[in-house]
Amino acid sequence: MNFFDDNLRKYEHKKVSLENAINKFVKPGDRIFIDSGCAEPTDLTQKLIELGPTLPDVEILHFLSLSDLDYYKTAGGIEDLFRHNAFFIGKSLRKAIKEGLADYTPMLLSEIPRLFKSGQMHVDAALVQVSPPDKYGFCSFGINVDIVKPIAEAAERVIAEINPKMPRTLGDSFIHIDDIDVFVISEHDIIEFSYEPPNEVAEKIGSFVSSLIEDESTIQTGIGQIPNACIEKLESKRDLGVHSEVFSDGIVDLVEEGIITCKKKTLHNGKMICSFVMGSRKLYDFVDDNPFVEFHPCDYVNDPNVIGQNRKQVAINAALSVDLTGQINADSVGHEFYSGIGGQVDFVRGAARAVDGKPIMVLPSTVKLANGEVVSRIVASLQPGTGVVVTRGDVHYVVTEWGIAHLYGKSVRERVLQMINIAHPDFREDLLEQAKKWNYVYSDQKLPRSIEGRISLYPEKYETSLTLKSGKKILVRPIKTTDERMLQELYYSLDSKDRYYRFFTPVKDFRHKKIQYNLTIDYATNMVLVCEYSEENKKEIIAIGGFFKIEQPNIAEIAFTVHDEWRNEGITTFLMHYLVKIARELSYKALSGSILLENKAMLHIINKGEYPLKFKQIDSGVFDFVMDITLS
């Protein structure tokens, strides 16, 4: 193919060889920016590396390096020949930074362009990769606009690879060839990128994240296997939008399936907004000349004030570790820098500002070290040297394969219990003991335990929903240790008569010591179900029902409490049938209880059930009953 068509031929005077592009336009001591991610101009970069020994004291700037090029091979072990400065640490620079051969500059992605636009950091030359010019002379930065466009505009010289294989993307993504000082023609394939297929842990986390995402939400996913695994779990959603600094192939699948339409977006309605993409040729073909996708620099895409204009903006980002109070580490392992801040903070804060927005942090609960040791990623305190990327004041949701911790607006005690609840069971006891030492929780705080003393795992399989006669929908689920305050609120809302019906005495207080037994049960022998109603981000427990093992074999004691404003909705009847189902699975043959004779409503519910009953009056006002739940 002849690339020197009419659009390019008149600019042929700017065409140079690779050798001259570097030799004549890069000088010793220059600061050079290299286009990032999958858009790296690898021909220019390779030539720069080859000529490195003749260019002492050159500083190379990068946002994200994904190529396999070895910048230090030709340096011959000379540590100070040149320096590489990364705003985000890619795989090709991780080792060099660890060894002190390269630098890392931690910055919010949204703020990097201002560093160059203001002149605070001067750039002598920008090495970029662009599409061929159109008939008006405009080249597209293609799959990577992020910081490259503003830096190219601020640089003294722009040296470009013009590559016909670079997609022509739309939006604020163009540079006129008049603003390119020299160019070379390249025909190499664009770098492709893929994540490992999601494992069982990633699948589980994705399912939990999906449960938080509503129809018509606008999605952002950060860099990482797990954030992208979450995308695969959105197949049941409707009319999703995209406003994200980056996305990969999974988003294309959701577009093709009609799940991402952008029809309900409140900002850039009908458009997917991004700053760069990383993926396969399928992704690059999708964004090529596609008016459905707009690329903008990251000082716009990542501006929290812009992000916050998207109703139901969801931000899904990965953490390396999280402490019990919610401090998020995402860029280092102790003193060793691993990745970078990137756009994580921008989107956490932007999503928090959005109407019905949800910032979500994801991570596996454990990691296997090089020596084979498995350690918890949920930690009592962050490792010395570890940086806090997202503060405890910014964090909203943290998700592991063990569940969801909702930390926003929660006290330290509540946060600690939430975080222990999503830690791997092998580490929960140690985390609790450390929290007690620091007085973060009650000194007698317990975790759900079996008779044998092992941690009793939350039985997620018993979570279900119930649509009431009024049309309202509630969540029915096993109780958690984190439900203490909501359970107290339910009990305190009962009037004296209801307290008497439930406890056979007009109980006046429901302190921690009195109700903890309800919250730290052994799910293998006991079950307590709560009915949770959510409205406008407020959650409350409106009913509770459960059974507890007693001394008699194969029999458990059952009891219910429903707030008076939620009665006659079928809640107690549902709880009774559901508890019978669970009790059968736990090998019980009967459920027993005591009812005050004046509690006509409960007597009616028990009597109208389908289970054989035996009543025994134990005094003038109280009946004991035994309900046969064996299947005939």
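Structural remarks
- Residues of the range 575-592 satisfying the condition of being in contact (Cβ under 8 Å) with a residue 60 or more places away in the chain and under 34 Å from the mean Cα position of the chain (by Cα): Leu575, Tyr578, Ile582
- Answer residue from the range 39-52, given it is farther than 12 Å from His188 by Cβ and of a type outside the set (A, V, I, L, M) and is modelled with the highest pLDDT among those: Lys47
- When the residues of the range 426-444 are filtered to those that are closer than 20 Å to Asn518 by Cα and under 29 Å from the mean Cα position of the chain (by Cα), the one that is surrounded by the fewest Cβ atoms within 10 Å (Cβ to Cβ) is Glu429.
- One residue stands out among those in the range 538-565 that are buried (at least 19 other Cβ atoms within 10 Å of the Cβ) and more than 23 Å from Thr630 (Cα to Cα): the one that is nearest to the chain's Cα centre (by Cα), which is Ile541.
- Residue that is nearest to the chain's Cα centre (by Cα) [pool: residues in the range 53-74 that are more than 22 Å from Thr105 (Cα to Cα) and modelled with pLDDT under 80]: Lys73
- For beta carbons closer than 8 Å, sequence separation of 6+ or different chains, a first residue in the range 129-158 that is farther than 18 Å from Lys117 by Cα and polar (S, T, N, Q) and a second that is assigned to a strand (DSSP E or B) and modelled with pLDDT under 95, the qualifying pairs are Asn144/Gly37.
- Some residue of the range 294-304 being surrounded by fewer than 22 Cβ atoms within 10 Å (Cβ to Cβ) and within 20 Å of the chain's Cα centre (by Cα): yes
- Checking each residue in the range 245-279 for being without any contact (Cβ under 8 Å) to a residue 60 or more places away in the chain and of a type in the set (Gly, Ala, Ser) picks out Ser248, Gly250, Gly258, Gly270.
- Qualifying residue in the range 292-305 (condition: acidic (Asp, Glu) and closer than 21 Å to Glu196 by Cβ): no
- Leu431 being among the aliphatic types (A, V, I, L, M) and either assigned to a helix (DSSP H, G or I) or assigned by TED's automatic domain parsing to the domain that holds Gln516 (or both): yes
- Residue in the range 173-185 that is assigned to a helix (DSSP H, G or I), at negative phi, modelled with pLDDT of 95 or more and acidic (Asp, Glu) present: yes
- Among (1) within 20 Å of Cys274 (Cβ to Cβ); (2) touching a Cys at 6+ places or on another chain (Cβ under 9 Å); (3) among the β-branched types (Val, Ile, Thr), the one test that Ile151 misses: (2)
- When Ser207, Ser244 are screened for being of a type in the set (Ser, Thr, Tyr) and either in the same structural domain as Asp172 (by TED's automatic domain parsing) or modelled with pLDDT of 95 or more (or both), only Ser244 passes.
- Extreme residue, surrounded by the fewest Cβ atoms within 10 Å (Cβ to Cβ), among residues of the range 473-494 that are farther than 20 Å from Ile420 by Cβ and touching a Cys at 6+ places or on another chain (Cβ under 9 Å): Leu475
- Scanning the range 153-163 for residues that are closer than 24 Å to Gly340 by Cβ and either outside any helix (DSSP H, G or I) or assigned by TED's automatic domain parsing to the domain that holds Ala352 (or both) turns up at least one hit.
- Residue identified as more than 47 Å from the chain's Cα centre (by Cα) and either over 19 Å from Asp522 (Cα atoms) or surrounded by 12 or more Cβ atoms within 10 Å (Cβ to Cβ) (or both) among Lys608, Lys600: Lys600
- Taking the listed residues Ser465, Ser470, the one that is of a type in the set (S, T, N, Q) and part of a loop (DSSP other than H, G, I, E, B) is Ser470, with no other qualifying.
- Of all the residues in the range 170-187, those that are loosely packed, with under 14 Cβ neighbours inside 10 Å and not acidic (Asp, Glu) number 1.
- Among the residues of the range 307-348, those that are free of Cβ contacts under 8 Å to residues at least 60 places away in the same chain and over 25 Å from Ala423 (Cα atoms) comprise Gly308, Gln309.
- Selection status of Arg449, of a type in the set (D, E, K, R) and outside the structural domain of Ser534 (by TED's automatic domain parsing): yes
- Ser92 being among the small types (Gly, Ala, Ser) and closer than 21 Å to Val58 by Cβ: yes
- Within the option set Phe560, Phe548, being of a type outside the set (D, E, K, R), in contact with a Leu (Cβ under 7 Å, 6 or more places away or on another chain) and under 29 Å from Ile455 (Cβ atoms) holds for one residue only, Phe560.
The values are calculated or read from the model by the stated rules, or taken from the named source; none is laboratory data. As the structure is a prediction and not an experimental result, all values here were calculated from the model. Heads up, the Cβs are rebuilt from the backbone with ideal geometry, glycines too, and the neighbour counts pull from every protein chain shown.
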